[in-house]
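Engineer: Mind looking over this structure? Questions follow.
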Amino acid sequence: MRWAASAGDLRFHPERWGDRVVRIASPTGSHLLIRRHGASELSLWLPARAEPIPGGSFGLYLHPDTNHVDRVRAASNFRRAIGLGLSIRAAPFAQAHRHAAMLCLYDLAQAGASLRDIAAQLLEPMPDDWRSSSERSDLRRLAEAASEMVAGGYRQLLGSRPVS
Amino acid sequence: MPGYNRLRLPEGYHALANLNARGFAWEWLRRNPDFRSIWLSAGATARRAASAADAALRRSPRPQVNIPQHPLARRWSPWGLTFRSAP
């Protein structure tokens, strides 16, 4: 693609963008995982026929489709991750405890435990009236959410702004 | 969703709370029965390639590590994750 003006100071030097750069080959291109101490890992997908020349200048094309907002955010994150603008600090995942609980429920259920068995193992104290308790409803919702995650919901966690 | 903070989770699950969103995605994916079956049916070549990739990441002192295409890469690509080690 010919650019209408100079592409500026963006040069393709992924080896300089992080303390560690992992390049993983795939059938249609390469994944780059760029790791910098104290920052979120940056993952880049480089399609085989669109990879910039090493050391050469390059630009970012943001296709104006329905995912445009996500693309703009990803471009902004990329710019910061390679040292232009404010650096991105690794932030803890706000839903981590909930997902850890869901994983535990899922694993116990897969091992054959009933919801009541799981409650007896994880709740202290066990509610007096289990069948009508709010804890039972909570555990059931967590178990359902866990099954959805296993069935493909995990993809929601992979974007630049993961949803819970 | 209320409730999960009151659960007494085994120690191993407390440790999971340090993962980021991508780490949890991997934990969910590796429990997916179809994804697991791909790995379980994999041959020795695929297992060796995964071990070699892990070893390269752990041991290489170089700032840039190149991992060759995994034998199962075509089958794993639709799952949305870069290939990682065995489930």
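Engineer: All but one of (1) assigned by TED's automatic domain parsing to the domain that holds A:Leu44; (2) within 22 Å of B:Leu19 (Cα to Cα) hold for A:Leu108; which doesn't?
Structural biologist: Result: A:Leu108 fails condition (1) only.
Engineer: Within the range A:108-136, which residues are among the aliphatic types (A, V, I, L, M) and assigned to a helix (DSSP H, G or I)?
Structural biologist: Passing the criteria: A:Leu108, A:Ala109, A:Leu115, A:Ile118, A:Ala119, A:Ala120, A:Leu122.
Engineer: When you check A:Asn67 against the structure, is it surrounded by fewer than 17 Cβ atoms within 10 Å (Cβ to Cβ), of a type in the set (S, T, N, Q) and touching a residue at least 24 places away in the same chain (Cβ under 8 Å), yes or no?
Structural biologist: Criteria not met by A:Asn67.
Engineer: Does any residue in the range B:3-14 that is farther than 13 Å from A:Tyr106 by Cβ and in a helix (DSSP H, G or I) come within less than 9 Å, Cβ to Cβ, of a residue that is open to solvent by less than 90 Å² (accessible area, probe 1.4 Å) and aliphatic (A, V, I, L, M) six or more places away or on a different chain, and which pairs are these?
Structural biologist: Between residues of the range B:3-14 that are farther than 13 Å from A:Tyr106 by Cβ and in a helix (DSSP H, G or I) and residues that are open to solvent by less than 90 Å² (accessible area, probe 1.4 Å) and aliphatic (A, V, I, L, M), the close pairs are B:Asn5/A:Ala101; B:Arg6/A:Leu122; B:Arg6/A:Leu123; B:His14/A:Ala100.
Engineer: Answer yes if at least one residue in the range A:35-49 is buried (at least 16 other Cβ atoms within 10 Å of the Cβ), at pLDDT below 85, under 30 Å from B:Leu72 (Cα atoms) and in contact with an Asp or Glu (Cβ under 6 Å, 6 or more places away or on another chain), and no otherwise.
Structural biologist: yes
Engineer: Would the range A:20-29 turn up any residue that is more than 7 Å from every other protein chain (Cβ to nearest Cβ), in a loop (DSSP other than H, G, I, E, B), over 16 Å from the mean Cα position of the chain (by Cα) and not β-branched (Val, Ile, Thr)?
Structural biologist: Among the residues of the range A:20-29, not one is more than 7 Å from every other protein chain (Cβ to nearest Cβ), in a loop (DSSP other than H, G, I, E, B), over 16 Å from the mean Cα position of the chain (by Cα) and not β-branched (Val, Ile, Thr), which makes the answer no.
Engineer: Within the range A:84-107, is even one residue more than 30 Å from A:Leu33 (Cβ to Cβ), modelled with pLDDT of 90 or more and in a helix (DSSP H, G or I)?
Structural biologist: Within the range A:84-107, one or more residues are more than 30 Å from A:Leu33 (Cβ to Cβ), modelled with pLDDT of 90 or more and in a helix (DSSP H, G or I).
Engineer: Further question on the same structure: So which residues in the range A:39-74 are closer than 22 Å to A:Ser26 by Cβ and aliphatic (A, V, I, L, M), if there are any at all?
Structural biologist: Within the range A:39-74, A:Leu42, A:Leu44, A:Leu46, A:Ala48, A:Ala50, A:Ile53, A:Leu60, A:Ala74 meet the criteria.
Engineer: Moving on to the next point. Of everything in the range A:23-34, what is surrounded by fewer than 19 Cβ atoms within 10 Å (Cβ to Cβ) and β-branched (Val, Ile, Thr)? Give them in sequence order.
Structural biologist: Answer for the range A:23-34, where residues must be surrounded by fewer than 19 Cβ atoms within 10 Å (Cβ to Cβ) and β-branched (Val, Ile, Thr): just A:Thr28.
Engineer: Considering every residue within the range A:121-141, establish whether at least one is touching a residue at least 24 places away in the same chain (Cβ under 8 Å), open to solvent by less than 50 Å² (accessible area, probe 1.4 Å) and facing chain B (nearest Cβ under 8 Å).
Structural biologist: Yes, the conditions are met somewhere in the range A:121-141.
Engineer: Let me ask something additional. Among the numbered conditions (1) open to solvent by 40 Å² or more (accessible area, probe 1.4 Å); (2) under 16 Å from the mean Cα position of the chain (by Cα), tell me where B:His14 comes up short.
Structural biologist: It fails just one condition, (2).
Engineer: Before we move on, is A:Ala94 closer than 30 Å to A:Ser137 by Cβ and in contact (Cβ under 8 Å) with a residue 40 or more places away in the chain?
Structural biologist: yes
The values are calculated or read from the model by the stated rules, or taken from the named source; none is laboratory data. This is a predicted model, so every value here is computed, not measured. For neighbour counting, all protein chains shown are included, and Cβ atoms are generated from backbone atoms with ideal geometry for every residue, glycine included. Heavy atoms of the whole protein, side chains included, go into the accessibility calculation; ligands, DNA and RNA do not. Shrake-Rupley method; radii C 1.70, N 1.55, O 1.52, S 1.80 Å.
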